[in-house]
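Participant: The structure under discussion is supplied below as structure tokens; questions concerning it will follow.
The values are calculated or read from the model by the stated rules, or taken from the named source; none is laboratory data. All values reported here derive from a predicted model rather than from experimental measurement. Cβ: placed from backbone, ideal geometry, glycine included. Neighbour counts: every protein chain shown. Ligands, DNA and RNA are excluded from the accessible area calculation, which covers all protein heavy atoms including side chains. Shrake-Rupley method; radii C 1.70, N 1.55, O 1.52, S 1.80 Å.
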Amino acid sequence: MEENVGRGRHGKPSNANASARRELAANRPAKRGRSKQQGPSPARGTHDAEAGGSRTRTRSRLGQAQNAAEDDDFDADQFLNQDAEYGEPEEPQPDEPQIEEPQQPPRRRPQQRPRQPRRAATNEGYGGGPSDMSLLTQYGNHRAVPIWDAEPDDHEVLKRTLRCQASGKKVINIVKPPRSERWFWDPIEASGLEPLTRVNFSVLDYGVIWAFVERWHPETSTFHLPLGELGITLDDVQCLLHLPIQGKFLNHTKMSRGEGADMVSSYLGVEREEIDMAFAETNGVHLKHSTLQTLYTTNQTSAERAIAENKPTHVVRLYRERSVRAFMLHLVCCTIFSNKSSYYADVVYLQYFQDLSCVHEWNWGAAALVHLQHYLDHGSAVSTTQMAGYMSFLQGWIIAHFPRLSVWVEAPRYTANMPLNSKVVPGQGHKDAAGYRSSLDNIQTYDCVFSPYDAHRQVRPLINACWFSGWLRCGKLKAKHLPERVLRQFQHVQGIPRNPSMSATPGMNLCEIDRVFTEELELRMIDEEMRGRPVTSPWDTEPGYMSWFYRVSHPVMRPVEAPESPPRPPNLEVLIEAAEARNDPNLMQVCRSVKVEVERAVRDGEAVEGTPIHGLDLKCVEVVQGRDCIDWFFGLIYFGLYGSKLFKFPIIVLENGKVVEHGPHEVLLANAGRYAQLWGQQNNTIDAIDTAIKLGA
């Protein structure tokens, strides 16, 4: 049996899937008395669909050979993203003669954790949510399911790393002409793509990127956090990248090798024989990044030579335009169209640079958002191992909205009129998402900057396109843009949003998507009524939103783990003596005194029935009648003294020794559960707290 796990496009071994090869070796069934391998039928690659490339079949990672290449384009992304399932070994058949063989020393096999079957939703939903499956209908295939179910020591799941393909560093390293060379920079700036030369990062924090990818949900096109939903909007695109978010959607379709060769020959000046060799080397209508860099520099050199030789102006202009086109194609394919190959560019995008004076007419901002959301959709699936798209853009969005979460410094040469993505320089951070996952599970409202662009509005105002609700598209790819789900990012109180299908109609064809955005933009905007009232605090939500959100979502990735008992302080005796010297009040005795005093006041009729004081006394008596009244009054006093400090920590509500609720103060209040009930009782008994403190003094 031939194993082709982790093979490259020419059948050579690939280090990218070494773990899959080890897993196959460890689980290889014996030749006699074993069942055949089972698994999903191999699927075709998907990542070049938006680029219009054709597809080929290749060997699947289950070791089942398929037919040779039938079409042009090759993509192994989907093969790399499938999990192999292996059949359970069967007992030897009794009628089969057993042949005694010389005993061999036992062969050590790596210890493998048994594969956990994917758990289906119960009547109450999934552990940790959602309990209401009306919104996240595809949650069973989401990577949050195994993360929640994993044991604390299951590092294979909890510390699984994601391969993030990023090519932004190539844009930083490529040598560009000085700004005085206007023949080069004038068309670049006029195209609207010049900011892409400024907003890329050499170092990325892949751990924090992975932590956000696992919280992305394709049904809503948003990240789901304990604070609610946050998303990447067209407003984020225009402020972080300064790309145009108006204009025509990119409308390319599938391109044959012949069409691609004609385009490369006409607009980049490459001989047909060299083009055929380049396409054969990449097994599709692609050019290597290194090839584009060579075309960019050689055409510059040819233009300089033509000037030195006093050749006609149109010859010089021809070489320069070819150089600019090669640079633009390299620029967009290393940034907004970055794919999982990380080394080649799709020729289909060259058609947008035929006429350099018309490049600005296309909606490059929407293209960047659609392409990134396409890979986020795939990255959130449980079987995915790779992530692509514009990683510098995603990293910049995370830093803008969560500045305390990861490591970064301010760029020294940033000015106010530059894109906000060029304001920061991120650090490497952690290699896995475990630490960031825990931080996001315990995030507080002040850790999130819902609207980080207030100081940048004089450069990029909030235009109508930012309020568009519906489909965006780039080629054959489409993505939802739903600002009504993230109103706090626009400084409006967040309420329960409408179903995504009401904004982005399922099954809408590409021509209709184009027509709606160009002709019905104002009709598809979120109007003033839907926006609601402005926020008082940045995290404001309408009553009932958080309780609804916790029913339909999975905002916390891991169950709350009860901490171990803290060790005995080495200076415990010193602390006790210091407390005795201060003559601190006995809070338990204070609570008992409050109970006796309130009962006596009600019994002796000190308050006239029907007055607020009498109602307060009755409420206090109702509270203290419970068997846990002493503990509750202790909690009231503790919150009364230290409440302002406690709100910045996650709260765990214990009842009868069990955790019944956990989360931030605002979230627990919105859930209207046990914590909200006790909090309401505390607010109604504040006079009792004051009395308790006075009695203790």
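Participant: For the range 359-501, just say rounded, prolate or oblate: build the C-alpha gyration tensor, square-root its eigenvalues into a ≥ b ≥ c, call rounded for a/c under 1.5, and beyond that prolate if a/b exceeds b/c, oblate if not. Could the numbers behind the result be given before it?
Facilitator: Values: a/c = 1.25, a/b = 1.09, b/c = 1.14.
The shape class here is rounded.
Participant: Extension gain T518-E273, at 0.36 nm per residue separation less the Cα-Cα distance, in nm?
Facilitator: Difference between extended and current length: 84.0 nm.
Participant: Arrange the peptides 193-204, 313-324 so that the one whose residues have, on average, the most other Cβ atoms within 10 Å appears first. It would help to have the intermediate numbers written out before the result.
Facilitator: Working: 193-204: 20.4, 313-324: 17.8.
By packing density, highest mean first, the sequence is 193-204, 313-324.
Participant: Here is a follow-up. Taking loop as defined by DSSP and a crowding limit of 16 other beta carbons within 10 Å, which GluC sites (Glu not before Pro) in the range 169-214 fit?
Facilitator: Details: sites: E181, E189, E214; in loops: E181, E214.
Answer in residue order: E181.
Participant: Show the residues, 5+ positions off or on another chain, whose built amide H is closer than 5 Å to the amide H of R558.
Facilitator: Excluding prolines and chain starts, which carry no amide H, there are no hits.
Participant: Same structure again: Residues of the range 462-490 with backbone nitrogen within less than 18 Å of a virtual label 7 Å along the Cα-to-Cβ line of R498, please, listed as ranges.
Facilitator: 465-472, 480-488
Participant: Just the accessible area per residue of the range 322-362, please: how many Å² with a 1.4 Å probe?
Facilitator: Numbers: 810 Å² over 41 residues.
About 20 Å² of surface per residue is accessible.
Participant: Taking 0.36 nm per intervening residue step and subtracting the Cα-Cα distance, what contour gain separates S537 from L510 on full extension?
Facilitator: 5.8 nm is the gain from fully extending S537 to L510.
Participant: Mind giving me the FRET efficiency for H360 and Y414? R0 is 22 Å, r the Cβ-Cβ distance, nearest 0.05 is fine.
Facilitator: Working: r = 25 Å, r/R0 = 1.12.
Here the calculated transfer efficiency is 0.35.
Participant: For a protection proxy built on the mean count of beta-carbon atoms within 10 angstrom, sort 522-531, 535-544 highest first, please.
Facilitator: The peptides rank, most packed first, as 535-544, 522-531.
Participant: Continuing with this model, one more query. Would you mind checking the pairs K340/K480; K248/K288; K431/K476; K254/K423; K340/K478 and listing those with alpha carbons more than 30 angstrom apart?
Facilitator: From the list (K340/K480; K248/K288; K431/K476; K254/K423; K340/K478), the Cα-Cα distance tops 30 Å for K431/K476; K254/K423.
Participant: In the range 421-558, what percentage of the DSSP-assigned beta bridges are antiparallel, given to the nearest 5?
Facilitator: If I count the DSSP bridges inside the range 421-558, around 90 percent turn out antiparallel.
Participant: When the Cα centres of the range 323-369 and the range 236-259 are compared, how far apart do they sit, in Å?
Facilitator: Cα centroid to Cα centroid, the span is 8 Å.
Participant: Could you compute the FRET efficiency for R179 and I463, with r as their C-beta to C-beta distance and R0 at 30 Å, rounded to 0.05?
Facilitator: Details: r = 28 Å, r/R0 = 0.94.
Efficiency, from the Cβ-Cβ distance: 0.60.
Participant: Can you give the extra length, in nm with one decimal, that the chain gains between H430 and I651 once fully stretched, where that is 0.36 nm per residue apart less the Cα-Cα distance?
Facilitator: Numbers: separation 221, 0.36 × 221 = 79.56 nm, distance 2.65 nm.
My answer for the length gained is 76.9 nm.
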